[in-house]
């Protein structure tokens, strides 16, 4: 049977065994917790450290580990710069202009996986005292929803080492913010997001004849804390349908 599984388990303070995401690069580390309503949560430190008064008292009894500083962006990566006007107009032209990608057929996966893609978000808050993290603003998230709907394979091309994959996921997956723990994802929503991207990315890499598409797809899933079994890829290969 096909499987997607958390890479590790930890024993929580509530004496329950719950999934935990394993650290895989320095700029993103993972841990686990339970919320007071007993709904499971999966927490991750991401490279854009949260700011503001969003320290959840739930985690006061956790260890004092703080989010590590972000890794620097990959040198020479494609940088997509967006601001309020672009976000409000759902304008994807800055992405297209920065990367040269206007459609799936115009993307050269090998080139973009080597250089990677990152985002600079120049967002001016209407209220200077609004201390929400960028991933908590609905208009920013909607822009990323539009981007993801247009280029659903994009996560595999992002600058993983600088935390761009985690930040991208935060734009699309329900989560909470914690000053101590960073982004706290809803685990079921994160799992569905990862599964969706496994199907999309694996098929896209194969279509473009990228070497070892399974390994690259597995690496992407591992960055978000999930191990993917080969049996799932076997099923995808067996039941693949030409998207055209």
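Every number here is computed from the coordinates shown, using simple stated rules; none is lab data. None of these values were measured; they are calculated from a predicted model. Virtual Cβ from ideal backbone geometry, glycine too; neighbours counted across all protein chains shown.
With both bridge residues required to lie in region 78-239, what share of the DSSP beta bridges run antiparallel, to the nearest 5%?
Here the antiparallel bridges make up roughly 35 percent for region 78-239.
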Exercise. At what distance in angstrom do the alpha carbon centres of region 99-120 and region 142-181 lie from each other?
Worked result: 16
Exercise. What is region 78-239 by shape, rounded, prolate or oblate, if you read a ≥ b ≥ c off the alpha carbon gyration tensor as root eigenvalues and call it rounded for a/c under 1.5, prolate for a/b larger than b/c, and oblate otherwise?
Worked result: oblate
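Order by neighbour count: 215, 165, 235, fewest other Cβ atoms within 10 Å first, most last.
Taking fewest neighbouring Cβ atoms as first place, the list is 215, 235, 165.
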Exercise. Which ordering of 153, 160, 204 is given by a fewest-first count of other beta-carbon atoms within 10 Å?
Worked result: 153, 204, 160
Exercise. So how do 197, 128 line up by other beta-carbon neighbours within 10 Å, fewest first?
Worked result: 128, 197
Exercise. Between residue 179 and residue 123, what length in nm is gained on full extension when 0.36 nm per residue of separation is reduced by their alpha carbon distance?
Worked result: 18.1 nm
